[in-house]
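These notes concern the structure reproduced below.
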Amino acid sequence: MFREEWGRVLANLIGFLGDFDLAEEAAQEAFAIAAERWPRDGEPRNPGAWLTTTARNRAINRLNRDRTLLRKTRLLEVPDAVEDTMDEATFPDERLELVFTCCHPALSTDAQVALTLRTLGGLDTGEIARAFLVPEPTMAQRLVRAKRKIAAAGIPFRVPPDDVLPDRLTAVLAVVYLIFNAGYGGRNELAGEALRLGTALAELMPDEPEVHGVVALMLLHDARRDARFEGGDVVLLEDQDSSRWDREQIAAGRALLDRALALRGRGPYVVQAAIASLHADEPRDWHEIAALYGELSRLTGSAVVELSRAVAVAEAQGPEAGLAIVDGLELGDYHYLHATRGELLRRLGRVDDARAAYGQALELVHDDAERRLLVRRLAELTT
């Protein structure tokens, strides 16, 4: 229930209170009360409304106790709501406002993404730190500074007006896609949240090709969800049972990709969606995939994209060509680099080097399912 309702409850509270920390404390208190009461009294008819009402009441009670918060005295006039009886329609869905608030240009891009993952996605600080490849204390400080900046700068809690909306889009799309990636590792509710947000953005900005591109990309990836895990273990793309892919979702993703291309979309998310669409073909056109990764690398300047290009080049031209790209990348703390290098070395028959590369990947991996995959790969090596 926390994963399903946290973002909605917190977004409503921030819109109501205008204070990130107070909203988060009240939301946490409401979930703690639910954990105590629901097993005893039963789950309420509308859990989301119950949580929001309870959190609002706790926040108001706290303000009543703290008369020094004079700038919030207007909240004291709000009457207490009755828990368990509120209709969900009473509370507007303000998650989109929360995304744009967290993605305000007064904040750095890293802070924008991190704060939205924390507030909307419900990820803890450690999870966000791993996504950014930074120490957890560094990420904790970044989150604190971001919330202070919002308060000090008086950043409004609203979707920006039409004339500045496109300029704010890049950070918002990065947020949505990072939330999706956090869910793609097995937390399906986060992937669903990202798709919902992306769909809302597409309705809000129907002529923006990158919005359609990111939703297409998520749909095409999510279509393979049921085939990505078997008994809790990761199944690589080449080993997946394609009959378990959601063909209707693939078709929906391709339709959105066509819409993005019709709008002359050539941005990073449109290119990634085109790559994902090619991955859904059998057999795959690795030369075309490698070429698209080359274009994506040009657009982004990302070493991680170059690593993906190396994999496609290895399929198209052989493992030695792919390894030449991998060995030129500075991604020493990225476990996928070492895992990829281990696989290419294995294909080249360099077993000892492959074993060492897989060992380095194991030292860096955090996800248990991916750890088990690396252990299997290491065990399969023969001298």
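The values are calculated or read from the model by the stated rules, or taken from the named source; none is laboratory data. All values reported here derive from a predicted model rather than from experimental measurement. Virtual Cβ from ideal backbone geometry, glycine too; neighbours counted across all protein chains shown.
Of all residues in segment 220-236, how many are assigned to a helix (DSSP H, G or I) and under 16 Å from Arg376 (Cβ atoms)?
Number satisfying all stated conditions: 1.
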* To do: Kindly indicate which of Ser297, Ser277 is assigned to a helix (DSSP H, G or I), in contact (Cβ under 8 Å) with a residue 24 or more places away in the chain and among the hydroxyl-bearing types (Ser, Thr, Tyr).
  => Ser277
* To do: Taking Ala312 as meeting all but one of (1) surrounded by fewer than 19 Cβ atoms within 10 Å (Cβ to Cβ); (2) in contact (Cβ under 8 Å) with a residue 24 or more places away in the chain; (3) among the aliphatic types (A, V, I, L, M), write down the number of the exception.
  => (1)
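Rundown of residues vs (1) farther than 28 Å from Leu364 by Cα; (2) outside the structural domain of Val365 (by TED's automatic domain parsing); (3) surrounded by fewer than 19 Cβ atoms within 10 Å (Cβ to Cβ), yes/no style:
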| residue | (1), (2), (3) |
| --- | --- |
| Asp124 | no, yes, yes |
| Met139 | no, yes, no |
| Arg142 | no, yes, no |
| Gly154 | yes, yes, yes |
* Counting just the residues of segment 326-372 that are under 24 Å from Phe229 (Cα atoms) and of a type in the set (Val, Ile, Thr), which one comes out surrounded by the fewest Cβ atoms within 10 Å (Cβ to Cβ)? -> Val365
* Answer from Arg372, Arg346, Arg341, Arg377 - the residue that is assigned to a helix (DSSP H, G or I) and either in contact with a strand residue (DSSP E or B) (Cβ under 9 Å, 6 or more places away or on another chain) or small (Gly, Ala, Ser) (or both) -> Arg372
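Let's see how each residue does on (1) farther than 19 Å from Tyr184 by Cα; (2) more than 22 Å from the chain's Cα centre (by Cα):
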position: Met218; (1), (2): no, no
position: Asp233; (1), (2): no, no
position: Asp246; (1), (2): no, no
position: Ala290; (1), (2): yes, yes
position: Gly294; (1), (2): yes, yes
position: Gly301; (1), (2): yes, no
position: Val304; (1), (2): no, no
* Asked: Is one or more of the residues making up segment 194-204 among the β-branched types (Val, Ile, Thr), free of Cβ contacts under 8 Å to residues at least 24 places away in the same chain and in a helix (DSSP H, G or I)?
  -> yes
* Could you say whether any residue in segment 115-138 is touching a residue at least 40 places away in the same chain (Cβ under 8 Å), in contact with a helix residue (DSSP H, G or I) (Cβ under 7 Å, 6 or more places away or on another chain), hydroxyl-bearing (Ser, Thr, Tyr) and under 30 Å from Asp233 (Cα atoms)? -> yes
* Structure fact -> Of (1) more than 22 Å from Gly267 (Cβ to Cβ); (2) outside any helix (DSSP H, G or I), Val159 fails just (1)
* **Exclusive hit being closer than 23 Å to Phe2 by Cβ, crowded, with 18+ Cβ neighbours inside 10 Å and touching a helix residue (DSSP H, G or I) at 6+ places or on another chain (Cβ under 7 Å), set Ala223, Ala174, Ala216, Ala191** => Ala191
* To do: Scan the helices (runs of 4 or more DSSP H) fully inside segment 1-118 and keep the ones with 2 or more residues being modelled with pLDDT under 90 and of a type in the set (Lys, Arg).
  => 2-17, 47-65
